[in-house]
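Here's the structure we're looking at; comments come further down.
The values are calculated or read from the model by the stated rules, or taken from the named source; none is laboratory data. Just so you know, these numbers come straight off a predicted model, no measurement behind them. Positions of Cβ are generated from backbone atoms using ideal geometry, with glycine treated the same way; all protein chains shown enter the neighbour counts.
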Amino acid sequence: MSQAVTAQSPAAATPQQGTHHYVLTLQKPMPHGNGFMVSTCSGRCSPTGMSRSDFYVWLIGEMVRQTPQLAGASTVFFDVQPNRL
């Protein structure tokens, strides 16, 4: 008895990863001159209908929501690129 086998490309076997990859690093001075708080987030997303600026503002808001001490922090690094090679 023969059985049909369908080959999948590696991309077909990979779960959906989002259309874009992002990295954002924020930095804020600690009180009393005791150094800096630095936080980086990265991940994949599909920011449909958002501009780069919209996504940047939204992402900062998410970081501050998760870590309120980052309110007013400076951006050290931000990048969002299509998630493909």
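Note on the range 50-63: residues that are touching a strand residue (DSSP E or B) at 6+ places or on another chain (Cβ under 8 Å) and either of a type in the set (A, V, I, L, M) or in a loop (DSSP other than H, G, I, E, B) (or both) total 3.
Conditions tested, residue by residue: (1) of a type outside the set (Ser, Thr, Tyr); (2) in contact with a Ser or Thr (Cβ under 6 Å, 6 or more places away or on another chain); (3) outside any strand (DSSP E or B); (4) at pLDDT 95 or above.
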| site | (1), (2), (3), (4) |
| --- | --- |
| 3 | yes, no, yes, no |
| 11 | yes, no, yes, no |
| 21 | yes, no, no, yes |
| 24 | yes, no, no, yes |
| 48 | no, no, yes, no |
| 65 | yes, no, yes, yes |
| 80 | yes, no, no, yes |
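Look at the range 44-63: where a residue is more than 23 Å from residue 74 (Cβ to Cβ) and among the aromatic types (Phe, Trp, Tyr), no partner that is at pLDDT below 95 and in a loop (DSSP other than H, G, I, E, B) sits 6+ places away or on another chain with Cβ atoms under 6 Å.
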